[in-house]
Structure formats: C-alpha cells, structure tokens
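Below you'll find the structure, written out as structure tokens, and then a few comments.
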Amino acid sequence: MKRLMLVCAFILGAVVVQAQDESRLGIGIRGGVNFSTFGGGDIQDDDYSNRTGFSTGLYATVPLLPFLAVEPGVFYSVRGTQNNDFANSRAILGYVDVPVLARLYLGDSFNLFAGPQVSFLQSSRFEGDLFGSTVGFDTDAVRESDFGAVVGIGFNPAKGLNVQGSYNYGMQPVFKNSNIDVYNRGFTISVGYTF
C-alpha cells in the first residue's frame, strides 16, 4: 500500500511538473444534485424511479496538454432509489466517491470528460411510509465499495466557474452475498469553482 501511494505521488508530481497549460491548473469545489436509481438485468423498468440526493466535494485539475487535463476528486454523494410500491420504499446510500477523470477541452468554454470512479460506502438505509409515518432501518446488505464509470459534458461560462452534467454507470452489484443483478446508476448536475 505504501508503495502504491508513493508511485501515485511520484506520477502526480511528474504530471504537475510537465503541465503544459497552467491556466487550467487548479483546485476547486463542486456541488450538485444527483438523480439516482438502480439498474441491471434484474430491474424492471417500472420497479424503481429516480431518487434525488446531493454531491459535494473537492477536485484538482492538472493539465497534460493545452486541450487535455486529468481531474482527480473526492466527493460525498447521496444516491439510492425510490421504489414504486404501496409503502413508497426507498434506499438511501451515502458514498465517498473518488473519480479520476480525463477532461478534453473543445475550445475555451466546453469540455467532455470520462473516467473511472471508486466509491466507498458510508451509510446505507432503507425507508418506507406506513400508516402516515416513516419507518426505516440501517442495513449491512450493501457492498462496502462500488466501481463504475463517469461520463459527461462541462461548460465554463466565466473564469473559474464551471457547470457540468454527468452520468454514473455502476459496474459492481450493489448488494453483497447476493446473485441479484442490481447496480447504481444516475445523473448528476453540478456547479463548481476552480481557484
């Protein structure tokens, strides 16, 4: 583990030294809204609907070329799903997301991005509405980590300010000790500022 951290620090340091376009080099904050649900082979189209959550965190933009940058980040994100049943049941999942995105700039204002994301479960709760009251319980049935891909488009309306929309495609089943084909999926719309 120490070797991996040392290698990552060395690579990041080398990338910073080699940065071609320092105008895009920076650290930023970003926050937004998630529209998440479950997807996969064991999900019927009418089983679940989007659950609204939030995402907030920090990122670093490190230019590699004038038109390309790498962007690692750390975010707290609330995801889950809403079940279309009599109890309006829902899963509320809190993760720490660690994406590493490649950002391709299409001029000064627009960019496309994609990359892997590892997520670490912080909380998992199931809730429902019964007889006018909300009942819920914490669960340990959800995997402690998730792996997926993030793709999206960004817009920079002014220096430092950025707005983006992204799609999170989970590739690891949500539930542990289960053969159920269910994954985290969802959209995020966010606003950020790079210092």
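Readers should treat all values here as calculations from the given coordinates under stated rules, not as data from a laboratory. What you are looking at is a predicted structure, and each value in this text was computed from that prediction instead of being measured. Cβ placement follows ideal geometry from the backbone for every residue including glycine, while neighbour counts extend to all protein chains displayed.
I need the chymotrypsin sites (Phe, Trp or Tyr not before Pro) found in the stretch 75-175, filtered to DSSP loop residues with at most 12 other beta carbons within 10 Å of theirs.
Numbers: sites: PHE75, TYR76, PHE86, TYR95, TYR105, PHE110, PHE113, PHE120, PHE126, PHE131, PHE137, PHE147, PHE155, TYR167, TYR169, PHE175; in loops: PHE86, PHE131.
Of the chymotrypsin sites (Phe, Trp or Tyr not before Pro), the ones in loops of the stretch 75-175 whose Cβ has at most 12 other Cβ atoms within 10 Å are PHE86, PHE131.
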Item to check | the chain: angle of helix 2-17 to the longest principal axis, Cα-based, in degrees nearest 10 | outcome: 50 degrees
Item to check | Gain upon complete extension [GLN172, PHE54; 0.36 nm per residue less C-alpha separation] | outcome: 40.4 nm
Item to check | Exposure proxy order (Cβ contacts within 10 Å, fewest to most) of LEU93, LEU121 | outcome: LEU121, LEU93
Next on the checklist: Could you tell me the calculated FRET efficiency between SER109 and SER133, based on Cβ-Cβ distance and R0 = 35 angstrom, to the nearest 0.05?
Outcome noted: 0.10
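Using unit Cβ charges (K, R positive; D, E negative) and no other charged atoms, how large, in debye to the nearest 20, is the dipole of the stretch 2-194 about its Cα centre?
Working: 13 positive and 17 negative charges, 137 e Å.
With Lys and Arg at +1 and Asp and Glu at -1, about 660 debye.
How long are the three semi-axes of the equivalent ellipsoid for the chain, computed from the Cα gyration tensor as the root of 5 times each eigenvalue, in whole Å, largest first?
Values: eigenvalues 235, 69, 39 Å².
Calculated on Cα positions only, the semi-axes equal 34, 19, 14 Å.
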Checklist outcome for this item: With DSSP loop assignment and no more than 16 other C-beta atoms within 10 Å, the trypsin sites (Lys or Arg not before Pro) in the stretch 145-192 are LYS159, LYS176
